[in-house]
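S.K.: One structure is given below, represented as structure tokens, and several questions about it will come after.
A short reminder: the numbers here are calculations on the coordinates, not readings from a lab. As the structure is a prediction and not an experimental result, all values here were calculated from the model. Cβ coordinates were reconstructed from backbone atoms using ideal geometry, including for glycine residues, and neighbour counts include every protein chain displayed.
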Amino acid sequence: PEAQALNALLIQSERTLTSAEGLPRRPWFRHQLYAPGFYTGYGVKTIPGVREAIEQKNWKEADDQIGRVAQTLTAEAALLDRATAAADALAR
């Protein structure tokens with residue numbers, strides 16, 4: 001059961017990096033850390049919501065996206081703390 005709980009946390013860790021709202025102008029892309037670029041086709045963009053808003057000088061959107069990514073990373077850090085504790089408990 002402990003290994004299953006750890007596995008569930010590790011699976012959830014990637015899902016935590018997504019947003020139900022998706023990216024601006026592309027709600028079907030939900031990952032907050034990487035996605036194909038809106039203006040570049042299939043070329044990957046890292047932190048696409050923030051990066052593309054800055055590239056377009058859309059400062060309001062950039063600010064909104066920074067907040068969204070910050071929440072995403074905070075949630076990911078909390079989940080990884082739980083996964084680390086579960087892994088430590090499993091190793092004992």
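S.K.: Please give the contour-minus-distance gain from TRP28 to ASP81: 0.36 nm per residue of separation, less the Cα-Cα distance, rounded to one decimal in nm. Walk me through the intermediate numbers first.
M.R.: Values: separation 53, 0.36 × 53 = 19.08 nm, distance 2.89 nm.
Gain in length upon complete extension: 16.2 nm.
S.K.: Taking the Cβ of LEU6 as the center, what net charge do the other residues with Cβ under 12 Å away carry, scoring Lys and Arg +1 and Asp and Glu -1?
M.R.: Numbers: positive: ARG82; negative: GLU2, ASP88.
My count for the surroundings of LEU6 gives -1.
S.K.: Please arrange LEU23, LEU6 by how many other C-beta atoms lie within 10 Å of their C-beta, fewest to most.
M.R.: Values: LEU23 22, LEU6 19.
Ranked by crowding around the Cβ, least crowded first: LEU6, LEU23.
S.K.: Order these by the 10 Å Cβ neighbour count, fewest first: VAL44, VAL50. Present the calculation step by step, with values, prior to reporting the outcome.
M.R.: Details: VAL44 10, VAL50 21.
The most exposed by this proxy come first: VAL44, VAL50.
S.K.: If you add up the charges near THR74, with Lys and Arg at +1 and Asp and Glu at -1, over every other residue whose beta carbon is less than 12 angstrom from its beta carbon, what do you get?
M.R.: Working: positive: ARG68; negative: GLU76, ASP81.
Local charge sum for THR74: -1.
S.K.: Given [x] 19, 15, 12; [y] 21, 14, 12; [z] 32, 13, 9 as candidate values of semi-axes √(5λ) of the Cα gyration tensor in Å, which corresponds to the one derived from the coordinates?
M.R.: From the options [x] 19, 15, 12; [y] 21, 14, 12; [z] 32, 13, 9, the structure gives [z].
S.K.: Hey, can you grab everything whose amide H is under 5 Å from the amide H of LYS45? Only 5+ residues off in sequence or another chain; H modelled, so Pro and N-termini drop out.
M.R.: Close amide H contacts, sequence-distant or interchain: ALA35, GLY37.
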